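For reference, the structure discussed in these notes is given below.
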Amino acid sequence: METLILTVIGDDRAGLVSSLARIVTECGGNWERSQLAELAGKFAGIVVVAVPSERVAEFTSALAPLAGLLDITVHAGTVAQPASPGADGAGEGRGIRLDLVGNDHPGIVGAVSEVLARHGVNVEELTTATGPAPMAGGQLFEAHVVATAPPSSDLAALRADLERLATEIQVDLDVADL
C-alpha cells in the first residue's frame, strides 16, 4: 500500500466528501485520517489515504472528474512512525496542549508560534476559530494547540515565556502536559 496525502479545496456543497470517498473505495484504498472544514465558504482539508501500489496511477486519474468540484493535489506520504523524536533527537519528547482565548487581533498565531519555535516545540495540531464575544462585543479568538517539546526542553521556561506573551497580547492561556 502507498500512503498518499491529498490536499483538497473547493466551494462548499453537499456531497464533496462522499465523491472523494467513493473514489478511494473504488480504487481499493482506505481513508485513514483527515482534517476537513468549511472555511469562509470553501471546503478545505487534508486527507491521508492508503492505496494499493499497483493502483496509484488509476487512483490519481480517477480524481480528475472531481476537478470542477474540488482542487486536489496528491502528495507522496510515508508510513507514520509510532513516535517522533524530539527536536534534539533524544527520545520521544513531551506532549503539551495549549488553549488560548482572547479578543481577536492580528498577530496572535504568529506570536505564540514564535515562542514555541524558539523552544524547539513541534506543533502537531493547531485549531483556531473566531466568533462573537457574547458579553463584550467584538470578536473572540480561540486556539487549541497539541505539540511536542524536546525531552531536553525547560518546560518551566516555556511556560514562563508563554505566560509573559499572554500578558503582552492580552489573552488567557492554559498550558498542560499530555
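Values in this text are rule-based calculations from the coordinates and carry no lab data. Every value quoted in this text rests on a predicted model; they were computed, and no experiment measured them. Positions of Cβ are backbone-derived with ideal geometry, glycine not excepted, and every protein chain shown enters the neighbour counts.
Residue by residue, segment 6-20 carries 3J(HN,Hα) couplings of 10, 9, 10, 7, x, 4, 5, 6, 5, x, 5, 5, 4, 4, 5 Hz when phi is fed to the Karplus relation 6.51 cos²θ - 1.76 cosθ + 1.60 (θ = phi - 60°); x denotes Gly or Pro. Residues whose amide H lies under 5 Å from that of residue 140, counting only those 5 or more places away or on a different chain, are 104, 131, 133; hydrogens are built 1.01 Å from N in the peptide plane.
Taking every C-alpha pair closer than 8 Å and separated by at least 6 residues, the mean separation divided by the residue count of segment 2-76 gives a relative contact order of 49 percent. With R₀ fixed at 25 Å, the C-beta to C-beta distance from residue 126 to residue 12 puts the FRET efficiency at about 0.75. Projected onto its three principal axes, the C-alpha set of segment 2-76 covers 37, 22, 17 Å, listed from the longest axis down. Quick one: length gained pulling residue 139 to residue 115 fully straight, 0.36 nm per residue minus the C-alpha distance? Once the chain is fully extended between residue 139 and residue 115, it gains 6.2 nm. Placing dummy labels 7 Å off each Cα toward the beta-carbon, the span from residue 5 to residue 92 is 2.2 nm.
The stretch between residue 177 and residue 30 holds 49.7 nm of extra length on full extension. This uses 0.36 nm per residue minus the Cα-Cα distance.
Percent of C-alpha pairs per 5 Å bin in the chain, short distances first: 1, 7, 14, 14, 13, 13, 13, 12, 8, 4, 1, 0. Subtracting the Cα-Cα distance of residue 75 and residue 40 from their residue separation scaled by 0.36 nm leaves 10.1 nm.
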